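So the structure is just underneath, and the comments pick up after that.
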4 protein chains.
Amino acid sequence: MEHLGRRTWGVPEGFIPASSTGPEVEMTSHETTCILSTSDAEAHVQIALSFPDREPAGHCAATVPARRTLHQRFNGLAEEGQVPIGADYASVLVSDVPVVVQHTRLDSRRPANALLSTISCFAG
Amino acid sequence: MEHLGRRTWGVPEGFIPASSTGPEVEMTSHETTCILSTSDAEAHVQIALSFPDREPAGHCAATVPARRTLHQRFNGLAEEGQVPIGADYASVLVSDVPVVVQHTRLDSRRPANALLSTISCFAG
Amino acid sequence: MEHLGRRTWGVPEGFIPASSTGPEVEMTSHETTCILSTSDAEAHVQIALSFPDREPAGHCAATVPARRTLHQRFNGLAEEGQVPIGADYASVLVSDVPVVVQHTRLDSRRPANALLSTISCFAG
Amino acid sequence: MEHLGRRTWGVPEGFIPASSTGPEVEMTSHETTCILSTSDAEAHVQIALSFPDREPAGHCAATVPARRTLHQRFNGLAEEGQVPIGADYASVLVSDVPVVVQHTRLDSRRPANALLSTISCFAG
C-alpha cells in the first residue's frame, strides 16, 4: 500500500450543536475527525483549534498507530474545555507523517439527524 | 502553524431556502461560508456573487483577523438585498492572504433539517 | 475576477431517487450539477453519462453565459430518457473554457429530505 | 472523453450503522464506493480496509469494465465478514488504471434518513 496523504490539513467548518435527541453517545450531536494513516511509522498529530475571537489553542494531540485509522470525536476534547459547544471553531491538523483527514458532523438536535462530511483541505 | 490555503475560492452551489421551521436564527435555513486564516496578517476577503441571469455583484467584503476563523452567514447579505432568497447563485472569494474556505447549508424547510457541506474549489 | 476552474470534471456518484414526498418541483427528489463560469467567454459544456452496463451517452449539452452560474437539474435530462431514474449513473463534464462544478442531490423519498453535495473531481 | 482520475484513493471515514428503518435493501443503512472509469481498459481495483486496532485487510477486489461506473455497497463485503458493522473503518482503493472515487453513506437509523458524500483524497 502506498503512503498516502499530506502532513497538514485545515477544516474551516467546526460547530458542535449544543443539544441532541436519541440514545446517548451513539446519537449525541458530535463532530469527528477521521484520520487514515497508511504509513509504517506511528503518526503523531497535533490538533490546533482556531476561534473567531481569540488566539488558537494547540494542546490537543492524537496518535495513530502504523497502518491504522483513528476516528476522534471532538466532543471528548470539548469535555476538557478545549472545544466550545454551540460555538464556531475551525481546526488545523499537523502530522509528522502523511495522513488523510476527513471531517464529519452528526447533528441530532431534531429527531431527524443530519450528517455532513467533507474531505479536508490539504497542504504540506 | 503553517500558513495554509489559497487566495481564490469558487463555490458553484448557492441556494438559501425561502422557508424554515424550528427556532429562529439557530434553525433558520441558511448558507454559511466558513473561512479559516492561519496567516499572521489580517485577511481581507472580497465576496463576488454570480447569478444565472445577470452580471456578478461584488460589493460584499469580510475581514478575518490574524489566526482566526470567520463563519459568515450569507443570510445577512441577503437582508441587504445582495443575496437572493429561494434562487440560484454562486460565489467567488478572493483574499489578499491565503485562507481555507468551506461552504455549508442548513435546510430546515421541513422539521427534519438537512445539512450539506463541501470544501470549495481553489485556485491562485 | 480570475478565470477559475478546470475544463474536465468527473462525478462518480449519480442516483435520482424514484419517489418523492412534499410539494412538486421544489421538493422533488433530484440531482443538480452546479456550474460556475468566471470566464468572459460563453462556456459550452458537454455532459457525458456513464452507466454500469452500457456505453456512455454523450448527447447532453449546457451553455453557461459569460460570468454566470447554471444549476442544471439532471431530472430534465431524465424526462428525455437520457438519465435513468432509480438507477446508478455517473457523469463527466467537458467545457471549452474553465468552469467549477459541484454536484448536489436532494433525496425526499421520506418526509425528512436529505441532502448531499461534493465538489467534483477535476482534471485538464 | 479524457481518461480521468488517479490510481490511488483514500477514504478515512467508514462506518455502516448497525440498524435501519424503512424498506429493506433500498433504505438499508449502507456505505457505497462509487467508481468511475473513463479508461478504455478494464479497471482492476483492490480495496484495502483499515481499522483502529488491527492490521489492514486487503482481500476485496472490484472490476470496472471500460467506460463504466460501479457503485459497490460495502454492505456486501460486510456479509462476508470483511467490513465491520457499527464500527469504525477506513478504505484505500488502488486501481491499475486511473479512476475517480466518491464515497457515500445512507444512514437510516431513524425514519428520517441522512446522507453524506465526499470526493475522496487522491494520490498517485
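Per-residue packing, averaged as other Cβ atoms within 10 Å, sorts the ranges D:86-95, A:47-56, B:30-39 into the order B:30-39, D:86-95, A:47-56, beginning with the highest. Rounded if a/c is under 1.5, else prolate if a/b beats b/c, else oblate: with a ≥ b ≥ c from the C-alpha gyration tensor eigenvalues square-rooted, which is region D:15-59? Oblate, since a/c reaches 1.5 and b/c is not below a/b. The charge dipole of region C:1-99, taken about its Cα centre with unit charges on the Cβ of Lys, Arg, Asp and Glu (plus for the first two, minus for the last two), comes to roughly 260 debye.
Label-point spacing at residue A:66 relative to the other copies reads 4.2, 4.2, 5.9 nm, in ascending order, each point sitting 7 Å out from Cα along Cα→Cβ.
Neighbours of residue B:103 by Cβ distance under 13 Å: Lys/Arg scored +1, Asp/Glu scored -1, total -1. Mean per-residue shielding of peptide A:80-89 is 1, counting Cβ atoms of other chains within 10 Å of each Cβ.
Taking the Cα centre of region A:32-78 as origin and assigning +1 to Lys and Arg Cβ atoms and -1 to Asp and Glu Cβ atoms, the resulting dipole is close to 180 debye.
Classification of region B:2-89 by its C-alpha gyration tensor yields an oblate form. The axis ratio a/c (a ≥ b ≥ c) is 1.5 or more, and b/c is at least a/b.
Over region B:58-105, the fraction of Cα-Cα pairs per 5 Å bin, rounded to whole percents and listed from the shortest bin up, is 4, 14, 31, 25, 16, 7, 2. Label-to-label distances for residue C:46 across copies, nearest first, come out at 3.5, 3.5, 5.0 nm, using points 7 Å from Cα in the beta-carbon direction. Between identical copies, the spacing of residue B:87 label points, each set 7 Å from Cα toward the C-beta atom, reads 3.8, 3.8, 5.4 nm from nearest to farthest.
Computed from the C-beta positions of residue B:19 and residue A:40, the FRET efficiency with R₀ = 60 Å rounds to 0.65. For region C:23-75, the relative contact order works out to 47 percent when only alpha carbon pairs closer than 8 Å and six or more residues apart are counted.
Values in this text are rule-based calculations from the coordinates and carry no lab data. Note that this is a predicted model, so its numbers are computed, not measured. Because the Cβ atoms are built from the backbone with ideal geometry, glycine has one as well, and the counts that use them run over all protein chains shown.
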